[in-house]
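Enquirer: Dropping a structure here in structure tokens format, bear with me for questions.
The values are calculated or read from the model by the stated rules, or taken from the named source; none is laboratory data. The structure displayed is predicted, hence computed values, not measured ones. Ideal geometry is used to build each Cβ from the backbone, glycine not excepted, and the neighbour counts take in all protein chains shown. Heads up: the accessible areas ignore ligands, DNA and RNA and are worked out on the full protein's heavy atoms, side chains in. Shrake-Rupley method; radii C 1.70, N 1.55, O 1.52, S 1.80 Å.
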Amino acid sequence: MLQGRVIKAYNSFFYVQTEIGLITCKLRGRFKKARRELGVVPGDWVIIDSLPDGTGVIEEILPRRQLLKRPAVANLTQVVLTFAAAQPDLHPLLLNRFLVLAEWSGVDKIIICVNKMDLYQGEPEDLLSTYRKIGYPVVLLSAREGRGIEELKSYLSGETTVFAGPSGVGKSSLLNAIDATLSLQTGQISEKIKRGKHTTRTAELMPYAGGGYIVDTPGFSAMDLSAMEADDLASCFPDFAPYLGRCRFSPCSHSHEPGCIVKEAAEEGGISRERYEAYLSIRQEIQEAQKIAQRKEYK
């Protein structure tokens, strides 16, 4: 038996890095139902049985420290949420959806990275200043010009870092600028819809020259948060933390109730209006998605 880490999963095959090299594995039959429910995903630590032909069979999935829900990656140590300053423009609601996803997944370190600053027309110090005040590190850079790359590198050594974000923000170009040995395929922005083409198809752990792993992921703009309880959403907004538990009513949706301290903080500037409106929008999305799921169950 060997212990290893799943580097990539593709077409029912799992590529497991072990002390004797990379081994292509399949799942033992008893895990196939569990795979549909929980999945064996990149980043998982597993126990495998080596076969005479050089392949292997996954016999055991070791406990996870955490799981990023989408893209599914286990045992990461940080996530870099990657957006573009322009082409495509940075949309606050989409940024907040990604932040909620990372907070909900229990990721300890969350960094916001804004690429394509060479296309940005405003004052850089004003961009995402609200999120810096909350405590999220914000790295502004241009992969094309090589600006800000060293600052981003300072966060990566020794970590298992997932780069996630919408399509077309230049994740693959950015990672090539960070580590040229990655040689990732890049694509162009569609002139018609101003969105990027997907160049990354699956999540894969790639050794980083500075130590640790980098995970490039497929770009996406829609995400399913319906498994989250709407009342748990506020805990995914760290800037709400000083006000939680102080409302007149408990539980409080922080949307319409009188005596809601969170709502008052948003009105008085303790919480930014952008963040509060994102909270309300995401909460409504969760509730509507759950109603649709319930109707499907009753049919």
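Enquirer: Would you mind finding the one in Ser253, Ser281 that is out of contact with any Ser or Thr (no Cβ under 9 Å at 6 or more places or on another chain), buried (at least 16 other Cβ atoms within 10 Å of the Cβ), touching a residue at least 12 places away in the same chain (Cβ under 8 Å) and among the polar types (S, T, N, Q)?
Expert: So the residue among Ser253, Ser281 that is out of contact with any Ser or Thr (no Cβ under 9 Å at 6 or more places or on another chain), buried (at least 16 other Cβ atoms within 10 Å of the Cβ), touching a residue at least 12 places away in the same chain (Cβ under 8 Å) and among the polar types (S, T, N, Q) is Ser253.
Enquirer: Test Leu93 against the stated conditions and say whether it is within 29 Å of Gly211 (Cβ to Cβ), in contact (Cβ under 8 Å) with a residue 12 or more places away in the chain and not basic (Lys, Arg).
Expert: no
Enquirer: Just the residues that are in a loop (DSSP other than H, G, I, E, B), of a type outside the set (A, V, I, L, M, F, W, C) and either at pLDDT 90 or above or open to solvent by 20 Å² or more (accessible area, probe 1.4 Å) (or both), please, taken from region 200-238.
Expert: Hits for region 200-238 are Thr200, Arg201, Thr202, Tyr208, Gly210, Gly211, Pro218, Ser221, Asp224, Ser226, Glu229.
Enquirer: Sticking with this structure for a sec: Collect the residues in region 258-277 that are basic (Lys, Arg), within 26 Å of the chain's Cα centre (by Cα) and surrounded by 18 or more Cβ atoms within 10 Å (Cβ to Cβ), keeping them in residue-number order.
Expert: Arg275 - this is the single residue of region 258-277 that is basic (Lys, Arg), within 26 Å of the chain's Cα centre (by Cα) and surrounded by 18 or more Cβ atoms within 10 Å (Cβ to Cβ).
Enquirer: Only one of Leu67, Leu51, Leu94, Leu90 is farther than 30 Å from Asp231 by Cα, of a type outside the set (D, E, K, R) and open to solvent by 10 Å² or more (accessible area, probe 1.4 Å). Can you tell me which?
Expert: Sole residue among the options that is farther than 30 Å from Asp231 by Cα, of a type outside the set (D, E, K, R) and open to solvent by 10 Å² or more (accessible area, probe 1.4 Å): Leu51.
Enquirer: From the residues in region 138-182 that are in a helix (DSSP H, G or I) and among the acidic types (Asp, Glu), which one is surrounded by the most Cβ atoms within 10 Å (Cβ to Cβ)?
Expert: Result: Glu151.
Enquirer: In this structure, does Gly122 turn out to be surrounded by fewer than 20 Cβ atoms within 10 Å (Cβ to Cβ) and under 16 Å from Tyr213 (Cα atoms)?
Expert: no
Enquirer: Can I ask one more? Limited to region 146-178, what total is found for residues that are of a type in the set (Val, Ile, Thr) and touching a residue at least 40 places away in the same chain (Cβ under 8 Å)?
Expert: Total satisfying the criteria: 4.
Enquirer: Mind listing just one residue for me: the one in region 102-111 that is touching a Cys at 6+ places or on another chain (Cβ under 9 Å) and surrounded by fewer than 22 Cβ atoms within 10 Å (Cβ to Cβ) and, of those, farthest from Gln284 (Cα to Cα)?
Expert: My answer is Glu103.
Enquirer: Ok, one more. Quick check on my filter: what residues within region 70-81 are within 27 Å of Val16 (Cβ to Cβ), in contact with a helix residue (DSSP H, G or I) (Cβ under 9 Å, 6 or more places away or on another chain) and crowded, with 20+ Cβ neighbours inside 10 Å?
Expert: Val79, Val80
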